[in-house]
1. Please tell me which of these pairs span more than 25 angstrom C-alpha to C-alpha: 182/301; 199/263; 42/212; 43/182?
2. Using Cα positions and a limit of under 17 Å, work out the aspartates and glutamates in reach of residue 89, with same-chain residues fewer than 8 apart set aside.
3. Indicate the gyration tensor shape class of the stretch 1-68 (rounded, prolate or oblate), computed on the Cα atoms with a ≥ b ≥ c the square roots of the eigenvalues: a/c under 1.5 is rounded; otherwise a/b larger than b/c is prolate and the rest oblate.
4. Write down the accessible area per residue of the chain in Å², having rolled a 1.4 Å probe over the full set of protein chains.
5. Based solely on its DSSP helices, what 222 nm [θ] is calculated for the chain when runs of n ≥ 4 H residues each add -39,500 (n - 2.57) and the sum is averaged over all residues, nearest 500 deg cm²/dmol?
6. Please report, to one decimal in angstroms, the Kirkwood hydrodynamic radius of the stretch 275-374 built from all distinct Cα-Cα pairs.
7. Using only the alpha carbons, work out the radius of gyration and Dmax of the stretch 14-250 in angstrom.
8. Note down the magnitude of the dipole of the chain about its Cα centre, charges +1 on Lys and Arg C-beta and -1 on Asp and Glu C-beta and zero elsewhere, to the nearest 20 debye.
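The values are calculated or read from the model by the stated rules, or taken from the named source; none is laboratory data. Quantities reported herein were computed from a predicted structural model and do not represent experimental measurements. Every residue, glycine among them, receives a Cβ derived from its backbone with ideal geometry; neighbour counts consider all protein chains shown. Areas reflect the complete protein model, heavy atoms only, side chains present, ligands, DNA and RNA absent. Shrake-Rupley method; radii C 1.70, N 1.55, O 1.52, S 1.80 Å.
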Amino acid sequence: MIYLDYSANTPVSQEVLERFCYVSQNFTGNPNSAHKAGEQAKKLQDEITLSISSQLNVHPEEVIYTSGATESNNLAIKGIARSERHTGKHIITTPLEHPSVSAPLTALQSQGYEVDMVNIDRSGKVDLEHLRSLLREDTVLFTVCAVDSELGTIQPIEGIVNILKNFPNCRLHLDATQAVGKIPFDFSSADTVSFAPHKFYGIIGIGVLIKKKHLIIEPLIHGGSSSSIYRSGTPTLALNSATETALKIALENQPKRYQKVEKLNSLLRAKLSEYPKVTINSPADAIPHILNLSVQGVKGKAFQQALSEKGVCVSVKSACSTDNLPSRAVFAVSRNRKNALSSWRISLSHLTDETELERFIEIFDSCYKEITSL
Ligand code: PLP
């Protein structure tokens, strides 16, 4: 099998798994229990949060553990919208968002919130002038992915932050799920930031929301005390500790891993560009981990299936989209419905090796010849 879908999920690293097992086996107490075992667990919980917060350069109180980036996005978006409802009900977003951002926005629309879509340019970047023109006194939130999951476009965060400075009622939420561990990321730039460690060799089932200390948001899940008042439930100590380890490894190795992936991406782009019916949809300055392409006249799903039959795993749209509609992100940049319907995504890792890519190209070549000659 050739796995080229690392933006959907990554394999758990041995060190992370060992940490998870160690904490699961050695810390039985609930961190909220007032006995020795509970105290030990609470001490570890605090150490983990302190370590995560110092790695991200944020305050420990700003770290909220959730079940995944989907929950983190929901918590930030609904939480801000609901707590700010007396200031306004206007929200701005982009056509590139993952369903875990666009779906809560749709839900809010049905509750009377107004959602505007900012224009993006041909590389998928937010049109800053258009953003400025959409912002109003009652705009309470601008939510955007720092890096989008389909094209790999990196958003001009600094430019966005500068514009928002003139709109103090508007909070900024960044979905950094495809950014953390892949590129340097400044957590202080936004009011809330979401990510999940299963995208950087951590474990599935946990996500993180970084929320500015003084920002009040309405929780999604109400219940007993936890490590944060914003998210109830017994603290997931072993998952939290595994996240700390995954984060440490990812951040320490980020530049080295990036270089390797960049080299693989250049190789892939060069090879794929030799095919006349191939359009590369990812912009040249996208993160190298993501390469989105279309084979003209062939539905993305059909090409994915042909590759899958030969043991290659790539994805069509985001793994979380189940419909058979054209990719909204690819349509937004190419303005071409057929091209968007033909698009699919290769996502790379530092674990990918050149031999694997060469074998992929051979398989791609045979699928291309078979399908395009039909
Ligand atoms: N946001 C982005 C940009 C993603 O790529 C994903 C997953 O693919 C998510 C959010 C959702 O993450 P999770 O599966 O952890 O809920």
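1. Cα-Cα > 25 Å for 182/301; 43/182; rest within.
2. Partners found: 114, 116, 137, 138, 218.
3. In terms of gyration-tensor shape, oblate.
4. The answer is 43 Å² per residue.
5. It lands at -13000 deg cm²/dmol.
6. Taking the inverse mean of 1/r over all distinct Cα pairs, the stretch 275-374 comes out at 13.9 Å.
7. For the stretch 14-250, the Cα radius of gyration and maximum Cα-Cα distance read 18.0, 59 Å.
8. That gives the chain a dipole magnitude of about 420 debye.
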